[in-house]
Amino acid sequence: QVKLKDCAPNDRSTPASPRYSAPHSRFPVSRVQDGHLSSQKAYIAHSAVVKSLAWSPSGTHIASGSRDGKLRIIAASAAEIQREIVVVPESLEHPWIQSVAWSPDGLNVAVGAVNGLTIVHAETGHISRGGAHGGHLESISWSKGGRQVATASLSGEVRVVDVTKYGKESGAVTNRIEMNHNVHSLEWNNTEDRLAVAAGHGGLHVLNIPSASLAFKWSDGQIQHVAWHPSYKYLAACSSNLLLIDALSGLLLKQFTLPGCHLSLTGLAWNGAGGRLAVAAYGGALFIVHAESGTVEYKDHKVAQQDGTLYTVGWNPVEDEVAIGGRNNAVIILDLTGAEQEERRTPTSNMRWNSTGLPL
């Protein structure tokens, strides 16, 4: 039987945290206590829907992108917004940022938006644009080696961009792959030779790079999001169900429905040890799922408050903290230390097993 919790992650050395300018006090920031899900919660307001967020490799900062066209750099421990950068001008009809990703050294943030790919220096706010992928981008992923950024457009085209050439010279785009479906998310593996692509109704595709050949494909419903396990031996994917897939063979290992969740799942993130998943849903629910047993350790259907559709979730790579963003126009940081003490071991509704006894 596969034991995800026993899979040791690759080298997870923590890079030094970059220095940032003093916080801007004009931003509305507050902390509240919430005994249901977390011992502490930070609420950082945007002026529009938060479509994407990402933790820095050091776990000290969050980059968040909103449909107000602004990228924010947040110091997580203090809940302070340290920098705001206008990436998409308000003059555009829909100044939307759809995806953000940190560079592995924690110095830069890649931003995918309606006006293409932008590289932003997190400390200075300096912007680089190169036209390597213009048009409406849905998802981006920065490779672990730091040299390549993968982008996916609303039209379904995936490109691989050499960021060392981006904005400086021609030849920045090294691959163009037509998926023939809208791409909702994509993510690099650790060796930069495979891309996992969630292509909506087209299913989950794992592509070999640079050949662009198909390693395997999984089609079961509309795949909204995909995330590599920290060991890179497994993939988690979500549609209306949560799927765990062997990343080498494409074999489905587990599939289960989260209790009380009847809408599509919109985002997921592994914790640093690879034993748990944070899963977000359209209805505003947040679930913490134990990946080995398939049980829900935590669920909160009110965490996003009011109009609570969640679009993005991220797990701090070095701490037991989760950040979420969505239609409530905010980034919310949850401290999950001791989270297993409340709603632990709530069974999922339809955990299944295959003929070999391996849990599906």
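The values are calculated or read from the model by the stated rules, or taken from the named source; none is laboratory data. Since this is a predicted model, take the numbers as computed values, not measurements. Cβ placement follows ideal geometry from the backbone for every residue including glycine, while neighbour counts extend to all protein chains displayed. Surface accessibility is based on the protein's heavy atoms, side chains included, excluding ligands, DNA and RNA. Shrake-Rupley method; radii C 1.70, N 1.55, O 1.52, S 1.80 Å.
Tell me the residue from Ala236, Ala152 that is surrounded by 20 or more Cβ atoms within 10 Å (Cβ to Cβ), closer than 20 Å to Tyr311 by Cα, in contact with an Asp or Glu (Cβ under 7 Å, 6 or more places away or on another chain) and modelled with pLDDT of 90 or more, please. Write out each step before concluding.
Details: Ala236 fails: in contact with an Asp or Glu (Cβ under 7 Å, 6 or more places away or on another chain).
Just one listed residue meets the conditions, Ala152.
Taking the criterion of being modelled with pLDDT of 90 or more and open to solvent by 20 Å² or more (accessible area, probe 1.4 Å), the residues of the stretch 65-85 that qualify are Arg67, Lys70, Gln82, Arg83, Glu84.
Which residues, taken from the stretch 116-135, are open to solvent by 50 Å² or more (accessible area, probe 1.4 Å), farther than 16 Å from Ala101 by Cα and at pLDDT below 90? Listed by number, the list holds a single entry, Gly131. Does Gly125 satisfy the condition of being within 29 Å of Asp320 (Cα to Cα) and not in a strand (DSSP E or B)? Taking the combined requirement at face value, the residue satisfies it.
In the stretch 172-192, the count of residues that are at pLDDT 95 or above, under 29 Å from His94 (Cβ atoms) and among the charged types (D, E, K, R) is one or more.
Close contacts from the stretch 161-173, counting a first residue that is at negative phi and a second that is at pLDDT below 70 and not basic (Lys, Arg), with Cβ to Cβ under 7 Å and a gap of 6+ residues or different chains, come to Val161/Ala132; Val161/His133; Lys165/Gly171; Tyr166/Gly130; Tyr166/Ala132; Ala172/Gly130; Ala172/Ala132; Val173/Ala132.
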